[in-house]
Amino acid sequence: MAEKEEKFKKEKEIFLEHIQKEGLRRTAQRELILEIFLRTEDHLTSEDLYYLVQKEDPSIGHTTVYRTMKLLTDAGLAREVRFGDNKTYYEHHYDHQHHDHMICTECGRVIEFFSPELEEKQEEMADKFNFKATHHSLRIWGLCEECQTNDAQRVASGAQPRVRVKSTIL
């Protein structure tokens with residue numbers, strides 16, 4: 001637990017340095033939002049985080065949560081991800097290993113994975129086309145093991161998959 005608190009200490013220092021650089025002040029509301037985000041390892045929308053924040057301080061508004069998440073993203077502490085359901089999710093970015101996502105279009109489960117082979121292939125393709133990659137995001141949509149049934153074996157259409165990401169927050 002002490003190691004996690006030490007990690008949070010570094011992230012809090014990074015956040016404080018960022019908001020000071022932006023000419024903003026340190027507030028108890030921003031610190032609480034940061035603390036709750038750091039304690040939660042799930043993919044969160046600003047609405048999910050607002051719900052969690054409301055449990056601890058009902059006076060904090062949704063706009064404050066949204067703006068603080070923007071600051072966390074700009075500071076490199078959070079990363080925006082999109083899973084095809086027209087929502088923006090946030091995940092930890094600072095000191096977290098790069099990973100990609102598989103999203104079940106049936107139940108909304110999100111599976112994180114890392115593949116050195118895929119990373120190598122992406123670098124190879126960038127080199128082949130003399131392309132300097134700065135970042136990437138790989139999302140694979142399909143059916144998780146639990147949702148693979150005979151009825152679910154249908155031909156994929158050309159339309160974007162309908163996704164309902166499962167939240168563990170609400």
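So which residues in the stretch 17-31 are open to solvent by 60 Å² or more (accessible area, probe 1.4 Å) and either in a helix (DSSP H, G or I) or of a type in the set (Lys, Arg) (or both), if there are any at all? If you could, list the steps in order and put the result at the bottom.
Taking the stretch 17-31 first, the residues open to solvent by 60 Å² or more (accessible area, probe 1.4 Å) are 17, 20-26, 28-29, 31.
Result: GLU17, GLN20, LYS21, ARG25, ARG26, ALA28, GLN29, GLU31.
What are the pairs with Cβ atoms under 6 angstrom where one residue, in the stretch 61-81, is polar (S, T, N, Q) and the other, located anywhere, is open to solvent by less than 50 Å² (accessible area, probe 1.4 Å)? Sequence gap at least six, or different chains.
Taking only residues 6 or more apart or on different chains, the pairs are THR68/ARG30; THR68/ILE33.
Name the single residue that is most open to solvent (accessible area, probe 1.4 Å) among those in the stretch 42-58 being part of a loop (DSSP other than H, G, I, E, B) and under 16 Å from HIS92 (Cβ atoms). Write out each step before concluding.
To start, the set of residues in the stretch 42-58 that are part of a loop (DSSP other than H, G, I, E, B) comprises 42-43, 45, 57-58.
Add one more test, that the residue is under 16 Å from HIS92 (Cβ atoms), and what stays is 42-43, 45.
On the way: ASP42: 59, HIS43: 35, THR45: 7 Å².
This residue is ASP42.
Identify, by number, the condition in (1) touching a residue at least 12 places away in the same chain (Cβ under 8 Å); (2) part of a helix (DSSP H, G or I); (3) loosely packed, with under 14 Cβ neighbours inside 10 Å that SER137 doesn't meet.
In the conditions (1) touching a residue at least 12 places away in the same chain (Cβ under 8 Å); (2) part of a helix (DSSP H, G or I); (3) loosely packed, with under 14 Cβ neighbours inside 10 Å, SER137 misses (2) alone.
Just checking, does the stretch 32-41 include any residue being touching a strand residue (DSSP E or B) at 6+ places or on another chain (Cβ under 9 Å), closer than 19 Å to TRP141 by Cα and surrounded by 14 or more Cβ atoms within 10 Å (Cβ to Cβ)?
The answer is no, given that none of the residues of the stretch 32-41 is touching a strand residue (DSSP E or B) at 6+ places or on another chain (Cβ under 9 Å), closer than 19 Å to TRP141 by Cα and surrounded by 14 or more Cβ atoms within 10 Å (Cβ to Cβ).
Residues GLU146, GLU117, GLU91: which one is open to solvent by 90 Å² or more (accessible area, probe 1.4 Å) and modelled with pLDDT of 90 or more? So that I can check it myself, show each step before the final result.
Details: GLU146 fails: modelled with pLDDT of 90 or more; GLU91 fails: open to solvent by 90 Å² or more (accessible area, probe 1.4 Å).
Step by step, each of GLU146, GLU117, GLU91 is checked, and only GLU117 is open to solvent by 90 Å² or more (accessible area, probe 1.4 Å) and modelled with pLDDT of 90 or more.
Might you let me know whether the stretch 74-83 holds any residue that is closer than 24 Å to ILE140 by Cβ, of a type in the set (Gly, Ala, Ser) and not in a strand (DSSP E or B)? Show your work before the answer.
Just the residues of the stretch 74-83 that are closer than 24 Å to ILE140 by Cβ, to begin with: 78-83.
Now narrow it down to the ones that are of a type in the set (Gly, Ala, Ser): 78.
Going one step further and asking which of them are not in a strand (DSSP E or B), we end up with none.
No: zero hits.
Please enumerate the residues belonging to the stretch 53-88 that are modelled with pLDDT under 95 and charged (D, E, K, R).
Once the filter is applied, which keeps residues that are modelled with pLDDT under 95 and charged (D, E, K, R), the stretch 53-88 yields ARG79, GLU80, ARG82, ASP85, LYS87.
Looking at the stretch 67-92 only, could you name the residues that are aromatic (Phe, Trp, Tyr) and within 24 Å of GLU13 (Cα to Cα)?
Kept after step one, since they are aromatic (Phe, Trp, Tyr), are these residues of the stretch 67-92: 83, 89-90.
Answer for the stretch 67-92, where residues must be aromatic (Phe, Trp, Tyr) and within 24 Å of GLU13 (Cα to Cα): TYR89, TYR90.
The values are calculated or read from the model by the stated rules, or taken from the named source; none is laboratory data. Quick caveat, the model's predicted, so the values are computed rather than measured. Don't worry about glycine lacking a Cβ; one is built from the backbone with ideal geometry, like all the others, and counts go over all protein chains shown. Remember, those area values only see protein heavy atoms, side chains included, never the ligands or the DNA or RNA. Shrake-Rupley method; radii C 1.70, N 1.55, O 1.52, S 1.80 Å.
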